[in-house]
Amino acid sequence: MNTGALILMLSSIAIVTFITSYFFYKVLTTKKKSEPDSYSEND
Amino acid sequence: MIKTQSEGWGTRVGLVLAMAGNAVGLGNFLRFPVQAIQNGGGAFIIPYIICFLLMGLPLLMIEWTIGRYGGEKGNHSAPFMMDRMGKKRIWKYIGVFGIFSNIGIAAYYCFIESWTLAYIFHSAIGSFTGMTQNEVVAMFSSYVSLDEATLIPFEALIFFLICLTINVYILSRGLSGGIEKVAKIAVPLLILFGIFLAIKAVTLTAGSEGANFDGILGLNFLWTPTFDTISNPKVWLNAAGQVFFTLSVGMGSIQCYASYVKKKDDIALNSMSAGWMNEFVEVVIGAAIIIPLAVGYFGIDGVKQLAELGGLSIGFKTLPFLFNQWGTFLSTISGIFWFGLLFFAGITSSLAMGMPVMSFLKDEFSWSRKKSAWTFGAIVLALGLPTVFFYNFGVFDEYDYWTGTFSLFLFAMLETILFAWVFKAENGWKEFNHGADFKIPRVYKFIIKYITPVLLIIVFVASTIKPVNNDWEGAFNNLINGKGWSLDNSSVIKQALNSGLREQLENTTDPALRNELEKKILYTDGAKILLLITFFGIAYLVRVASNKRKKERRNET
């Protein structure tokens, strides 16, 4: 691959993967709110 | 109080996956890579990401907020959500688009979804084994023409009915019992299938498995930047269009899903997570499959020609042939994975189209979940059958244009104006951040108030007056030189007048071709009338519901 393509591809993949993982990790680990909340399975 | 079955989400992860599944569709794998190679290669990512940050993310914030704000008072469909925000009667009727688009898109989208189901079946039973490229193309043509040459008579119709039944059944199980369960299985699986195929595509080496070039050459082709394209308005409009379609905004489905979130619960982090998950599937996985695979076998020039026909063509007419080169076992697995991935991407989106319609019927007419789901199925069947029977006469494309493009742009533009300028961006920002688990930079309040609405107005106007061949530079030069502005046949105005087909008709003397074009004009006009009847039918129901609310003194809910 040429350098320009490689830099653009790797930086795009790295940025998008990092932000996606960060947000999803936060969704999984953020403390649940007190009941009643919007989600029935943790009642 | 009206009695309706209580609806809600089971888990937060389920909601995020359902929202991400709603956004991830066939376009992530078939449209994005083709758009990229046609609009500057790697340089396309720059306008694409800028449009995502300035238009995509703000639209997600707006739609999640409209949804939760409407749901607070028991409104789960766009007309009455918008009514609550805008107070003037007109907003309620603009909200009709939030039901209409879903029905119109579902009618043709379920048809494409059913192709993926049929192709999973054919991959599994080895129908493509030993076929040449031309035979694979012919099989697709036979399939969509309801030709008797297919394995099962009326195969396209049968798979359409099966697909629609699956959708309706899942919808009838409700949010947590149906849609959420499917999303929890489908989204992780489609990511897994996608990663498998992406690895296979980029590790393809010239000389092995019938490949003529390395798959990595395809990645190089897709990501090599042509920076001078960035100054071309066409590239920016295409980037904005791609961001728009990939996020499933302007439909009313995000608002509907979000309306089942309570006010104290977060929507800021949820919306960011779902939106970026879609970007991951599109930029990381979607970009690494069809182009590297196709370049591996056809080379760059071959792929340039294929790209002219669009991603759907590569996905259905080319890939089964390429998988064929990998031996019986791997071709079967790859076919199942590829069409399975497309099916999962499709069904999580089509389910989201059903929910706003069902919610409207449940909220306003106290219908049960089952009755609403089957009614949605019946409407989609009635509107969808013309796309199945008259696919070759342009009905499918007509639906796609008016419901899948025009209505989305129009509705998104109007809802953004409502949110930013009528409801006021300051109030909207406060609503959005209520209960937030993540602090979005305050600059987004400014973006929502000024930049996003202006951008959407530009995109909408641009699609209305699109110049010939989408050549904006040439069109502006002509205008400056006093040569006027020639509209492209795909501009809203010319599309409404069927100008493209009429031009072709004027320029041909071949009786057979004339006959075919006359039929196409007849069927596309028929499709427009059908869509208009649907729109006004929904508007009438909204009026009936509104009067019913007045009688029941439910106006404040």
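When the charge dipole of chain B is built from unit charges on Cβ atoms (+1 for Lys and Arg, -1 for Asp and Glu) and taken about the Cα centre, the candidate among B:L408, B:I50, B:V468 whose Cα reaches farthest toward its positive end is B:L408. Available extension along the chain between B:D301 and B:I533 is 79.0 nm, counting 0.36 nm per residue and deducting the alpha carbon span. 3J(HN,Hα) along the stretch B:267-274, derived from phi through the Karplus expression 6.51 cos²θ - 1.76 cosθ + 1.60 where θ = phi - 60°, amounts to 10, 5, 5, 4, 5, 5, 5, 5 Hz, with x in place of Gly and Pro. Under a Cβ-Cβ cut-off of 13 Å, what is the net charge of the residues other than B:K528 that fall near it, where Lys and Arg count +1 and Asp and Glu count -1? That works out to -3. Shape analysis of the stretch B:35-188 yields a ratio of the Cα radius of gyration to the Kirkwood radius, Rg/Rh, of 1.08.
Over 21 Å between Cα atoms, which of B:K264/B:K449; B:K87/B:K551; B:K73/B:K548; B:K92/B:K424; B:K181/B:K370 qualify? Table pairs above 21 Å Cα-Cα are B:K264/B:K449.
The mean number of partner chain beta-carbon atoms within 10 angstrom of a residue's beta-carbon across peptide B:13-23 is 2. Here the protein assembly as shown has an Rg and Dmax of 23.5, 75 Å, counting Cα atoms alone. Shown in residue order for the stretch B:184-189 are the 3J(HN,Hα) couplings computed by the Karplus curve 6.51 cos²θ - 1.76 cosθ + 1.60 at θ = phi - 60°: 5, 8, 5, 5, x, 5 Hz (x for Gly and Pro). Exposed loop sites were defined as GluC sites (Glu not before Pro) in DSSP loop states (anything but H, G, I, E or B) carrying at most 10 other C-beta atoms within 10 Å; in chain B the longest segment without such a site runs B:149-555.
Proximity of backbone amide H atoms, modeled 1.01 Å from N, is registered between B:L497 and no other residue at under 5 Å, excluding neighbours fewer than 5 places apart on the same chain. Taking a point 7 angstrom from the Cα of B:L309 along the C-beta vector, which residues in the stretch B:35-60 have backbone N less than 20 Å away? Inside the label zone: B:35-39.
Short version: what are the Cα gyration tensor semi-axes of the stretch B:12-464, square root of 5 times each eigenvalue, largest first, in whole Å?
36, 26, 19
Secondary-structure-derived ellipticity at 222 nm for the protein assembly as shown, considering helices only, amounts to -21500 deg cm²/dmol, per-run term -39500 (n - 2.57) for DSSP H runs with n ≥ 4.
One decimal place: the segment B:N478-B:K551 gains 20.5 nm when fully extended, by the rule 0.36 nm per residue minus the C-alpha distance. For B:L237, neighbours were defined as the other residues whose beta-carbon sits under 14 Å from its Cβ, and their charges (Lys and Arg +1, Asp and Glu -1) total -1. Couplings 3J(HN,Hα) of the stretch B:110-126, computed from phi: 5, 5, 5, 4, 5, 4, 5, 5, 5, 6, 5, 4, 5, 5, 5, 8, x Hz, in residue order, whole Hz [Karplus 6.51 cos²θ - 1.76 cosθ + 1.60, θ = phi - 60°; x for Gly and Pro].
Take the Cα of A:A14, step 7 Å toward its Cβ, do the same at B:L192, and the gap between the two points is 3.0 nm.
Just to confirm a number: summing +1 for Lys and Arg and -1 for Asp and Glu over residues other than B:G218 whose beta-carbon lies under 14 angstrom from that of B:G218, what do you get?
Around B:G218, the surrounding residues sum to 0.
Dividing the C-alpha radius of gyration of the stretch B:1-126 by 2.2 N^0.38 Å, with N its residue count, gives 1.37. Against chain B, whose longest principal axis comes from its Cα atoms, helix B:12-23 is set at around 60 degrees. Against the longest principal axis of chain B, how steep is helix B:511-551, in degrees 0 to 90 to the nearest 10, with axes from Cα atoms? Roughly 20 degrees, rounded to the nearest 10.
Rounded to the nearest 10 degrees, the inclination of helix B:369-389 to the longest alpha-carbon principal axis of chain B is 40 degrees. What nm value, rounded to one decimal, do you get for the distance between B:V454 and B:L513 when each label is placed 7 Å out toward the C-beta? About 4.7 nm separates the two model spin labels.
Computed from the coordinates by the stated procedures, all read-outs in this text should not be read as laboratory data. Quick caveat: nothing in here was measured; it's all calculated off a predicted structure. Cβ coordinates were reconstructed from backbone atoms using ideal geometry, including for glycine residues, and neighbour counts include every protein chain displayed.
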